[in-house]
Structure formats: structure tokens, C-alpha cells
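To start, the structure itself, in C-alpha cells.
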Amino acid sequence: MTRRPVVAAAAAAVVIAPVLLAGCTEKSNSEGAIAVTSTADACDLATTDATTGNVDFTVTNSGDKVTEFYVYGNNNRVLGEVENIGPGLSGNLTVEIVEPGTYTVACKPGMVGTGIRTELNVGGERKEKADVPADVTAAKAQYLEYVRNQLNTLHAQTTSFVDSVKKGDLDAARAQFGLARTPYERIEPVAESFPDLDPAIDMRWDDTEDGTQPFTGFHRIERFLWPPQADEIGDAPGQITPSDAANAKETDNPQAIAEIADGLLANVTKLRDEVNSPDFDFETLSFVKGPQALIDEVAATKVDGEEDRYSHTDLWDFAGNLDGSETAIATMQPIIAAKNPALMDKITAQFATVRDSVNSYRDGDGYVSYTEVTPEQRKELSNQIDALSATLSQVPGIVLQQ
């Protein structure tokens, strides 16, 4: 998740249609897509020159780890991405770039670390963005009001959480941890468009490249509040790796964590202020893809217990992602229902199924430890989440249909 800044010439670019495919992918314009080959130590582009308009990429994973591909624009904002490209598979991405200039693309083998970066030189004349339906623009504005309210809540709850950590009231901090993170989980599609702030706030040990990058944010504090125990250490999904446990023993102390806590609050404050800025623009396709992206967050990093591996508060994150996904869909519901009422009914029913499953693990005002959820129950949750994700994948095509 950690990424480094890049200077680019344009704020205006719109992701058009990322699609994951096995094997070869169809070129989407007469000049053909830019072929990208991702390996363990390279991100090779057939050409590093492009022209304003729709810039197409075909990303082939020739390595032995799952990879991702990103396009970055002005202020290091994510303009487009293709995630979860397995070994031997390919993915398509089309990004509409309307300003000539220097952009950056990156492959991220293993989906961790800063990524392998390459500059992309975009020539040609400035172009106008493609038109977005007015009802979609209105829905996005409504959604961003929700996001801003959630960021205000995140700031308030993080302030209280950090205060407890710095005072040494660790029982209070443990009680606040899941609640403090919930607003962040609700608005992750927006947070992830800031590729420096997002990892600084929400990175996991995996993103440190085995400790070669600084470990910061909520999960670093989580590790201090719930120190790794011997029976939790191992290399299986959801376990704490030996290097992670060793780093915790060496570096987690009240003074170090107080600095991490200050940094967390500073980054949450910056994220809130950036999204409240009058010139903040959230890419339309990131918005319409957001409901599925939030559900896929559960499938990719939470069902196996990897996200909150120290505290096992994963169900708080499940609920937060579900909240954010449902809210985004609610803003688009009139559009979906008008164009495909059967799809809207199916989405509503599937949300209810997943919500009922998550709520079955309620414990007072919170949730049981994820360690109490059996492998069979996790599999049932996973199946429900996968089914919902598949349905939500139809949303962008429906709402952007002219």
C-alpha cells in the first residue's frame, strides 16, 4: 500500500473500464493497448509513450505472485488500477487522460510495498472529459457528503483513541480500536485514491516488505495493544509472521507508539482536509465501482483474518465495508432501479443476507472475536460475499449507460 509521490501534469483523468481476464485480452483501439509485463522484479511496458484520450493497458502477470497495476496522476492520486491479477493471468485497464504530461505507472508484485514504477509520457493536445450522466454526478455528490461526514467522525474517534494510547490507558484504547476504524472502512474507495495517506493510516505488516519500510498507522498501534502470542505466530493466512513478531518485540514500546499515534492523527486530519478541499475530485468510475470494491476488500483481506490479525476485530471491518457499500448503492438506487429493477432487487436481497450473517456475530455494541468464527462459518460468509460482489460488478455498466 505504501507508495511514493510522483509529479504529473494532470488532475483530470477518468478510469473507463478495468476488466480482469484470463490469458490474452482484446485491444480496445486501432493502435492497440500498451502491453505491460509484471514479474517479481520488473514492470516492463512495450512503450512508455501515449497520446491524450483513452490510454489502454493489457497487464500480464508473468511472475509467481498476485500483482496489481496502477496509473498515477497529479498529486500522486490513483487514476486507475487493476487488482488481483494472478500468475499467468492478464487484466485490461483503460484510463481517459485529457492533459498531456508525465504520468507514472506501477506494478506491485505480491500486492505489497511501493511497487515497481515507470514514467509514462503522454503527448498530444488537451481534450475534454467524456460526459458523465447528470444523475450519476448528482449521486456522487450525495455520496461525497456521506464520506465527509464519516471523515469528521473518523477524526473525532481517532483523536479519542490516540489520547487513550498516549495516556497509557490501554484498556480504553483496546475498547475503542474497532469503533475508531469503522468510519475509515466505510470510505476506503476514497481513502485509497490518496496512495500516500492510505497506507500511512491503514497499512499492514505485509506492506512493509518484511520491515524494510516504516510500519505506521492503526495496525502498528493494534500490534502494541495486542502483542503477538506464541500460538499466533506462523506463516498461514491470518497468522503473525515470525519477522513481524520479532519486530514487535524489538520496536513496540510506549514512546515509539506515542509517535506513531501522533502520526496517525496527523494523517487522518490531512485526509479529512484533502477531501474537504474545494478542488477535490473523486473519479466517477471509482465511485460507481466503489460498492464492489468495498465488498472485495472483505473477500481479499478480511475473510481469512489477515486485516486485524493481532486484535481479531475483523468483524468490525466487515460491518464497516458493508455500511459503505450499501450507502454508495443507496445513492445510485434510483438509477439502477429505473434501468434494471430486477438487479436492484437482487442487490437488496444479497445485502440483507450478508448483513444478517455479520449481525449474527454481534456481542453487545460490538462483535465477537473473529477467532470464534469457525472455518465453516467463514466459508459461508465468503460465499455470500463472493455472490454479492459478482452482482455488484454489473453496477458500473448499468449506471453509466447513456
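The values are calculated or read from the model by the stated rules, or taken from the named source; none is laboratory data. Keep in mind that what you see is a predicted model, and the values were worked out from it rather than measured. No Cβ is skipped: glycine too gets one built from the backbone with ideal geometry, and neighbour counts run over all protein chains shown.
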Which is of a type outside the set (Val, Ile, Thr) and either buried (at least 21 other Cβ atoms within 10 Å of the Cβ) or within 20 Å of residue 240 (Cα to Cα) (or both), of 330, 293?
-> 293
Would you check if residue 262 is touching an Asp or Glu at 6+ places or on another chain (Cβ under 6 Å), in a helix (DSSP H, G or I) and either in contact (Cβ under 8 Å) with a residue 40 or more places away in the chain or not assigned by TED's automatic domain parsing to the domain that holds residue 148 (or both)?
-> no
Might you check whether a residue that is of a type in the set (D, E, K, R), in contact (Cβ under 8 Å) with a residue 60 or more places away in the chain and under 18 Å from residue 200 (Cβ atoms) occurs anywhere in region 271-291?
-> yes
In the set 393, 357, which member is under 12 Å from residue 291 (Cα atoms), touching a helix residue (DSSP H, G or I) at 6+ places or on another chain (Cβ under 8 Å) and of a type in the set (Ser, Thr, Tyr)?
-> 393
In region 337-374, how many are buried (at least 19 other Cβ atoms within 10 Å of the Cβ) and closer than 27 Å to residue 401 by Cα?
-> 4
Check region 372-385 and report whether any residue there is under 21 Å from residue 178 (Cα atoms) and assigned to a loop (DSSP other than H, G, I, E, B).
-> yes
Check region 217-233 and report whether any residue there is over 20 Å from residue 317 (Cβ atoms), touching a strand residue (DSSP E or B) at 6+ places or on another chain (Cβ under 9 Å) and of a type in the set (Asp, Glu).
-> no
Complete set of residues in region 84-115 that are out of contact with any strand residue (DSSP E or B) (no Cβ under 6 Å at 6 or more places or on another chain) and within 19 Å of residue 63 (Cα to Cα) = 84, 86, 88, 110, 112, 113, 114
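Each row is one residue, and each column tells you yes or no for (1) of a type outside the set (A, V, I, L, M); (2) crowded, with 21+ Cβ neighbours inside 10 Å; (3) outside the structural domain of residue 108 (by TED's automatic domain parsing).
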{"residue": "152", "(1), (2), (3)": "yes, no, yes"}
{"residue": "156", "(1), (2), (3)": "no, no, yes"}
{"residue": "169", "(1), (2), (3)": "yes, no, yes"}
{"residue": "203", "(1), (2), (3)": "no, yes, yes"}
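Matching residues to (1) of a type in the set (A, V, I, L, M); (2) under 30 Å from residue 97 (Cα atoms); (3) touching a Leu at 6+ places or on another chain (Cβ under 6 Å); (4) modelled with pLDDT under 95:
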{"position": "256", "(1), (2), (3), (4)": "yes, no, no, no"}
{"position": "264", "(1), (2), (3), (4)": "yes, no, no, no"}
{"position": "267", "(1), (2), (3), (4)": "no, yes, yes, no"}
{"position": "280", "(1), (2), (3), (4)": "no, yes, no, yes"}
{"position": "300", "(1), (2), (3), (4)": "yes, yes, no, yes"}
{"position": "315", "(1), (2), (3), (4)": "yes, no, no, no"}
{"position": "328", "(1), (2), (3), (4)": "yes, yes, no, no"}
{"position": "332", "(1), (2), (3), (4)": "yes, yes, no, no"}
{"position": "337", "(1), (2), (3), (4)": "yes, no, no, no"}
With the first residue restricted to region 212-234 and required to be farther than 24 Å from residue 175 by Cβ and assigned by TED's automatic domain parsing to the domain that holds residue 252, and the second required to be of a type in the set (Ser, Thr, Tyr) and part of a helix (DSSP H, G or I), Cβ contacts under 8 Å at 6 or more apart or on different chains are 214/208
Only residues that are touching a Pro at 6+ places or on another chain (Cβ under 8 Å) and either of a type in the set (Phe, Trp, Tyr) or over 21 Å from residue 224 (Cβ atoms) (or both): list them for region 163-209, please.
-> 196
Which residues, taken from region 88-119, are touching a Lys or Arg at 6+ places or on another chain (Cβ under 7 Å), surrounded by fewer than 23 Cβ atoms within 10 Å (Cβ to Cβ), in a loop (DSSP other than H, G, I, E, B) and not β-branched (Val, Ile, Thr)?
-> 99, 100
Residue set 315, 322; condition assigned by TED's automatic domain parsing to the domain that holds residue 153 and either aromatic (Phe, Trp, Tyr) or closer than 16 Å to residue 388 by Cα (or both); output residue 322
Scan region 158-190 residue by residue and report those that are part of a helix (DSSP H, G or I) and aliphatic (A, V, I, L, M).
-> 162, 165, 170, 172, 173, 175, 179, 180, 190
Tell me, which residue of region 51-82 that is out of contact with any Pro (no Cβ under 7 Å at 6 or more places or on another chain) and without any contact (Cβ under 8 Å) to a residue 40 or more places away in the chain is nearest to residue 280 (Cα to Cα)?
-> 69
